[in-house]
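Engineer: I'd like to ask you about the structure that follows.
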Amino acid sequence: MRYEGPIYRPPSEADSLLIQATVGCPHNKCTFCMVYKDNVRFKVRATTEIKEDLDEAYKIYGDAIRTLFLPAGNTIAMPTTALAEICRYSRKLFPRLRRITVYGSAPYIHQKGISELKQLAEAGLSRIHVGLESGDDEILRRVKKGCNQQIQIAAGRMVRQAGLELSEYVILGLGGKERTTPHALATARAVNAIVPDYLRLRTLVPKINTPLLEEVLQGRFQMLSPHEVILETMSLLEAITITTQVVSDHYTNYVNVVGRLPEDKAAMLRTLQIARQRPEADFRPFFIGTQ
């Protein structure tokens, strides 16, 4: 198998076969992301090359593969016909395959529309991992996400209507001290409108070589303390009214809160309230991310 540039995958894809379908990210402007800032230009790999890598994986693993993740940062931007061909080929090659997943950001999902998303679902794509990050338009503008809440909601609904599973990611603390309340409440409104299958929590860690880190170091962006992140998380969960699975599967988080909403909301809030009683010195210290 051949790989080019940084290869990242969600924690939930830890056991998945990784076959690179695209390189880099076509947007690559988010101020908090360092992954593709080092002159990695977006491109779609040749379908023949992707199939060759899949064939090589079959020679190694046979039909033992159960889940497949297709990096890199925004593979949903790949032409629909090519991505569908790869999904069909993978399903044929690995008949016991249960899931094929990709990263995809809202603008590129929105550009495809329901019709093309349905084509991908019919071809065998199972799930899209989407960085919602925040539902607050001002935060989305500041971090140069390239979309607003309206586009995030529309794209998320399209994914669900097409019959695909949807994992939405939220970055706790992304609004800093100034916009912690708008961040929590607007994000909850977006989640309520989208109704994702999974809501995955991340806590902001400023990364090297990013504009956001420069804002932090210059004092223009004030990071939340551990207790403030916990309060923001409580506000977010309290305002969510739909059914979804909350997952806290990331090393950046201060507290591991996992459960099904709405039935596990009270238990998750109790976990957070107990954590809030602990001294802030008990939590991990501030650090600058390098990966």
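Engineer: For segment 1-137, give the percent of accessible area contributed by carbon and sulfur heavy atoms, probe 1.4 Å, rounded to a whole number.
Structural biologist: 47
Engineer: Here's another thing I want to ask about it. Just the number please: accessible area per residue for segment 154-287, 1.4 Å probe, all protein chains included, in Å².
Structural biologist: For segment 154-287, the solvent-accessible area averages 43 Å² per residue.
Engineer: With every protein chain kept in the model, how would you rank D197, D282 by accessible area, 1.4 Å probe, largest at the top?
Structural biologist: Largest accessible area first, the residues go D282, D197.
Engineer: What are the semi-axes of the equivalent ellipsoid for segment 235-291, taken as the square roots of 5 times the Cα gyration tensor eigenvalues, largest first, in whole Å?
Structural biologist: Working from the Cα gyration tensor, I get semi-axes of 24, 15, 8 Å.
Engineer: Still on this model: If you project the alpha carbons of segment 111-171 onto the principal axes, what extent comes out on each, in Å, largest first?
Structural biologist: Taking max minus min along each principal axis of the Cα atoms, segment 111-171 gives 37, 19, 14 Å.
Engineer: Too long at a 32 Å Cα-Cα cut-off: which of K29/K118; K118/K144; K59/K144?
Structural biologist: K59/K144
Engineer: Could you work out the local net charge near I114, counting Lys and Arg as +1, Asp and Glu as -1, over the other residues with Cβ closer than 14 Å to its Cβ?
Structural biologist: Net charge around I114: +2.
Engineer: Just to confirm my numbers, what's the Cα centroid distance between segment 77-96 and segment 236-265 in Å?
Structural biologist: 32
Engineer: Ignoring ligands, DNA and RNA, please state the percent of accessible area on segment 170-266 from carbon and sulfur, probe 1.4 Å.
Structural biologist: 51
Engineer: If I fit a long axis through the Cα atoms of helix 226-239 and take the longest principal axis of the Cα atoms of the chain, what angle between them do I get, 0 to 90°, rounded to 10?
Structural biologist: 70
Engineer: Students often get this wrong, so try it: which of [x] 21.1; [y] 19.6; [z] 20.2 is Kirkwood radius over Cα pairs in Å as calculated from the structure shown?
Structural biologist: [y]
Engineer: Return one number: the angle in degrees, 0 to 90 and rounded to the nearest 10, between the long axis of the Cα atoms of helix 80-93 and the longest principal axis of the Cα atoms of the chain.
Structural biologist: Roughly 70 degrees, rounded to the nearest 10.
Engineer: Please work out the average accessible area per residue across segment 1-143, using the 1.4 Å probe convention, and give it in Å².
Structural biologist: 44
Engineer: Further question: Over the residues of segment 154-291, compute the C-alpha Rg and express it relative to 2.2 N^0.38 Å.
Structural biologist: In units of the 2.2 N^0.38 Å rule of thumb, it is 1.07.
Engineer: Continuing with this model, one more query. Per residue of segment 12-20, what does 6.51 cos²θ - 1.76 cosθ + 1.60 with θ = phi - 60° give for ³J(HN,Hα)? Whole Hz please, x for Gly and Pro, Karplus curve as stated.
Structural biologist: These are the phi-based 3J(HN,Hα) values: 5, 9, 4, 9, 7, 5, 9, 10, 6 Hz.
Engineer: How far is helix 47-61 tilted, in degrees, relative to the longest principal axis of the Cα atoms in the chain, given as a value from 0 to 90 rounded to the nearest 10?
Structural biologist: Orientation of helix 47-61: about 90 degrees from the principal axis.
Engineer: Please report the net charge: other residues with Cβ closer than 14 Å to the Cβ of K59, K and R +1, D and E -1.
Structural biologist: Summing Lys and Arg as +1 and Asp and Glu as -1 gives -4.
Engineer: Whole-Å semi-axes of segment 102-207's equivalent ellipsoid, largest first, each the root of 5 times a Cα gyration tensor eigenvalue?
Structural biologist: Working through the eigenvalues yields semi-axes of 25, 12, 12 Å.
Engineer: Let me ask another. Taking a temperature of 20 °C and a viscosity of 1.002 mPa s, what whole-number D in µm²/s does Stokes-Einstein yield for segment 4-78 with Rh from Kirkwood over alpha carbon pairs?
Structural biologist: 162
Engineer: Take the Cα radius of gyration of segment 1-145 and divide it by 2.2 N^0.38 Å, with N its residue count; two decimals is plenty.
Structural biologist: Normalised Rg, Cα atoms only: 1.04.
Engineer: Near the amide H of L132, under 5 Å away, which other amide H atoms are found, from residues 5 or more places off or on another chain, if H is placed in the peptide plane?
Structural biologist: Residues meeting the amide H criterion: Y169.
The values are calculated or read from the model by the stated rules, or taken from the named source; none is laboratory data. Everything quoted here is computed from the prediction, not taken from an experiment. Quick reminder, even Gly has a Cβ in these numbers, built from the backbone with ideal geometry, and neighbours come from all protein chains shown. Note: accessible area is taken over every heavy atom of the protein model, side chains too, but ligands, DNA and RNA are not part of it. Shrake-Rupley method; radii C 1.70, N 1.55, O 1.52, S 1.80 Å.
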